[in-house]
Amino acid sequence: MTTAPSADFVMARLQQEAVREFPGWAFERDRSGWTAVHGDIRFTRPTLAALRAILRVHRATRRR
């Protein structure tokens, strides 16, 4: 029988994916949710998924 990975393991993997997707951004988790920081830019969202979504929008608008 296999066991399911712990929630901490899953969140660590998701954070690693975010770091790979958004190089140069630092990700941290606290009571208010997830925060990404890059220089003077800081975004905070309640979930890592929401934070990654806003970073995708931010990246797309900066490319224009």
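The values are calculated or read from the model by the stated rules, or taken from the named source; none is laboratory data. As the structure is a prediction and not an experimental result, all values here were calculated from the model. Note: ideal-geometry Cβ built from the backbone for every residue, glycine included; neighbour counts use all protein chains shown. These area figures cover heavy atoms from the full protein model, side chains too; ligands, DNA and RNA do not enter into them. Shrake-Rupley method; radii C 1.70, N 1.55, O 1.52, S 1.80 Å.
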Residues (under 28 Å from ARG63 (Cβ atoms) and either in contact (Cβ under 8 Å) with a residue 60 or more places away in the chain or part of a loop (DSSP other than H, G, I, E, B) (or both)) located in the stretch 29-50: GLY39, ASP40, PRO46, THR47
Count - residues of the stretch 40-64 that are modelled with pLDDT of 95 or more, out of contact with any Gly (no Cβ under 8 Å at 6 or more places or on another chain) and of a type in the set (Lys, Arg): 3
Sole residue being open to solvent by less than 70 Å² (accessible area, probe 1.4 Å) and free of Cβ contacts under 8 Å to residues at least 12 places away in the same chain, chosen from ALA53, ALA26: ALA53
Given (1) assigned to a helix (DSSP H, G or I); (2) more than 24 Å from ALA60 (Cα to Cα), number of the condition THR2 does not satisfy: (1)
